[in-house]
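Here the structure is laid out as structure tokens; the discussion comes afterwards.
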Amino acid sequence: MLKKFKGFTFLLMLMTFAIVAAACDASGGSSVDVGIVLPTKDEPRWVQDEQRFKDALADSDYSTEILFSQGSSAKEKENVEALLNKGIKVLIITPHDGAAAASAVEAAKKEGVTVIAYDRLITDTDAVDYYVTFDSLAVGAAQAQYLVDNAKGSNAPLYLYAGAASDNNAFLFFEGAWQVLQPKIADGTFKIANSSEAEALKDSADLSRDQLGKIIGQITTNWDSNEAKNKAQTHLTAASDDLKGDVLILAPNDGTARSIADVFGSDSAITSYFVTGQDAEKASVQYIIDEKQSMTVFKDVRSLVKDAMGMAVEILDGKTPETTGSYDNGAVEVKAKQTNVIVVDKDNVKSELIDSEYYEASEFTGIE
């Protein structure tokens, strides 16, 4: 009887060992090297980034997992926690809200994870190691310069729109634009049509964060095309005749640009308009070909993804990534790797977006 009991005990120990070993294998098999958190699947830009991140690591020995926060800071934090549970060593994150994301990345830092803010800066925390970005000031400056180059005469009506006040990039885009537009507002080339806050500050070349916030609070689209459409309709309804005719419009990105363009294009009192954009979304490329949208700032996410993944691999390999600048996030100066941007309009849309194989010509109609 004792012999049988010992045999049973030994068998039980073997089974327990097998179960523990299997669990360890499963855990190891599901571990992830690089965790990526993107803000939403509802904008084409981030879906494109998802695929390019996958492509960038296709031939690598490192593993990655990509999660979407769907416009929720709470979901964003859950995503980070889920990735931490999988043992990530590097976190690449585009915050939905730059300030609200601080607690999520602080949890990552406590676990010894290197944090890379991707395309949007995380603010008011020292838990951000690196920032991979397009030069956001240059984006706004390029949009504004396009409007300056196409302005005719004096007192040209200028309509201003901005991104979300919760997004640090919206401040940088508008700040870059203001630096170019303000001298032309001050000398009478432009007349501000839809912002009393901007009008009150038209003689100030350099704006504080608080001053920028006052203007953005008045002209924000929250990166939402419907909100942009409603604001544009409200502004045109209130506009006097001298604020119509040939107008110029600073729109922060392609989604809002198309909505704003539709509104201005349908107003019979608008004889012509120039409207800016950003991201080179397919729908806006077609709008540019059809002369409904004037330009877009092309941010080749292939380059940005390459920079972000290159930085992650260097970190995993125990190396120090190369940086080209830094950004003050309110708590620390975050080391940054910056990627150049390109202005695209009807004249160069083919060479920049088709010939470079960013898009296929078959995806559009009327392209030459």
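The values are calculated or read from the model by the stated rules, or taken from the named source; none is laboratory data. Please read all numbers here as calculations on a predicted model, not as lab measurements. Every residue, glycine as well, gets a Cβ built from its backbone with ideal geometry; the counts of neighbours run over all protein chains shown. SASA here: full protein model, heavy atoms, side chains in, ligands and nucleic acids out. Shrake-Rupley method; radii C 1.70, N 1.55, O 1.52, S 1.80 Å.
Of all residues in region 39-51, count the ones that are closer than 17 Å to A117 by Cα and either surrounded by 18 or more Cβ atoms within 10 Å (Cβ to Cβ) or of a type in the set (F, W, Y) (or both). Qualifying residue count, region 39-51: 4.
State whether the residues of region 139-149 include one that is hydrophobic (A, V, I, L, M, F, W, C), surrounded by fewer than 23 Cβ atoms within 10 Å (Cβ to Cβ) and not in a helix (DSSP H, G or I). The answer is no, given that none of the residues of region 139-149 is hydrophobic (A, V, I, L, M, F, W, C), surrounded by fewer than 23 Cβ atoms within 10 Å (Cβ to Cβ) and not in a helix (DSSP H, G or I).
Within region 150-174, restricting attention to residues that are among the polar types (S, T, N, Q) and surrounded by 21 or more Cβ atoms within 10 Å (Cβ to Cβ), the residue that is farthest from D307 (Cα to Cα) is N168.
L181 passes every criterion in (1) within 19 Å of the chain's Cα centre (by Cα); (2) crowded, with 22+ Cβ neighbours inside 10 Å apart from (1).
Yes/no per residue for (1) within 25 Å of P95 (Cβ to Cβ); (2) at pLDDT 95 or above; (3) part of a loop (DSSP other than H, G, I, E, B):
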{"position": "Q218", "(1), (2), (3)": "yes, yes, no"}
{"position": "N222", "(1), (2), (3)": "yes, yes, yes"}
{"position": "A228", "(1), (2), (3)": "yes, yes, no"}
{"position": "K231", "(1), (2), (3)": "yes, yes, no"}
{"position": "T237", "(1), (2), (3)": "no, yes, no"}
{"position": "L248", "(1), (2), (3)": "no, yes, no"}
{"position": "G255", "(1), (2), (3)": "yes, yes, no"}
{"position": "S259", "(1), (2), (3)": "yes, yes, no"}
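Scanning region 24-38 for residues that are within 21 Å of E111 (Cβ to Cβ) and either exposed (fewer than 12 other Cβ atoms within 10 Å of the Cβ) or modelled with pLDDT under 90 (or both) gives C24, A26, S27, G28, G29, S30, S31.
Can you tell me which condition S266 does not meet? The list is (1) open to solvent by 60 Å² or more (accessible area, probe 1.4 Å); (2) within 13 Å of L158 (Cβ to Cβ), and all the others hold. Answer for S266: the failing condition is (2). Taken over region 351-368, the criterion of being open to solvent by 50 Å² or more (accessible area, probe 1.4 Å), in contact with a helix residue (DSSP H, G or I) (Cβ under 8 Å, 6 or more places away or on another chain) and not hydroxyl-bearing (S, T, Y) is satisfied by E360, E363, G366, E368.
Checked against the criterion of being open to solvent by 10 Å² or more (accessible area, probe 1.4 Å), more than 14 Å from the chain's Cα centre (by Cα) and among the basic types (K, R), region 111-122 has no qualifying residue.
Every condition in (1) at pLDDT 90 or above; (2) in a helix (DSSP H, G or I) is met by I19 except one, and the failing one is (1).
Set side by side, the residues A251, A239, A232, A257 differ, and just one is farther than 18 Å from S294 by Cβ and not acidic (D, E), which is A239. Of the numbered criteria (1) assigned to a helix (DSSP H, G or I); (2) open to solvent by 30 Å² or more (accessible area, probe 1.4 Å); (3) touching a residue at least 12 places away in the same chain (Cβ under 8 Å); (4) under 19 Å from A151 (Cβ atoms), the one A198 fails is (2). With respect to E65, is the statement that it is acidic (D, E), assigned to a helix (DSSP H, G or I) and more than 18 Å from the chain's Cα centre (by Cα) true? No; evaluated as a whole, the condition is false for this residue.
For region 269-278, the set of residues classified as in contact (Cβ under 8 Å) with a residue 60 or more places away in the chain and either over 19 Å from the mean Cα position of the chain (by Cα) or surrounded by fewer than 22 Cβ atoms within 10 Å (Cβ to Cβ) (or both) consists of F274 only. Here K244 passes the criteria (1) more than 30 Å from Y358 (Cβ to Cβ); (2) surrounded by 21 or more Cβ atoms within 10 Å (Cβ to Cβ); (3) basic (K, R) except the one numbered (2).
In the set K346, K337, only one residue is farther than 17 Å from V115 by Cα and not small (G, A, S); that residue is K346.
Count of region 108-145 residues, restricted to those that are more than 20 Å from V34 (Cβ to Cβ) and either free of Cβ contacts under 8 Å to residues at least 40 places away in the same chain or touching a helix residue (DSSP H, G or I) at 6+ places or on another chain (Cβ under 7 Å) (or both), is 13.
Restricting L84, L67 to those that are closer than 25 Å to D224 by Cβ, among the aliphatic types (A, V, I, L, M), open to solvent by 30 Å² or more (accessible area, probe 1.4 Å) and touching a strand residue (DSSP E or B) at 6+ places or on another chain (Cβ under 8 Å) reduces the list to L67. Starting from residues that are modelled with pLDDT of 95 or more and buried (at least 22 other Cβ atoms within 10 Å of the Cβ), keep the ones in region 288-307 and report whichever is farthest from N348 (Cα to Cα). By that ranking, first place goes to Q293.
Return the only residue of G112, G188, G153 being at pLDDT below 95 and at positive phi. Being at pLDDT below 95 and at positive phi holds for just one of G112, G188, G153, which is G153.
Identify the residue in region 161-178 that is farther than 11 Å from P252 by Cα and not in a helix (DSSP H, G or I) and, among all such residues, is nearest to the chain's Cα centre (by Cα). Ranking the qualifying residues of region 161-178, first place goes to D167.
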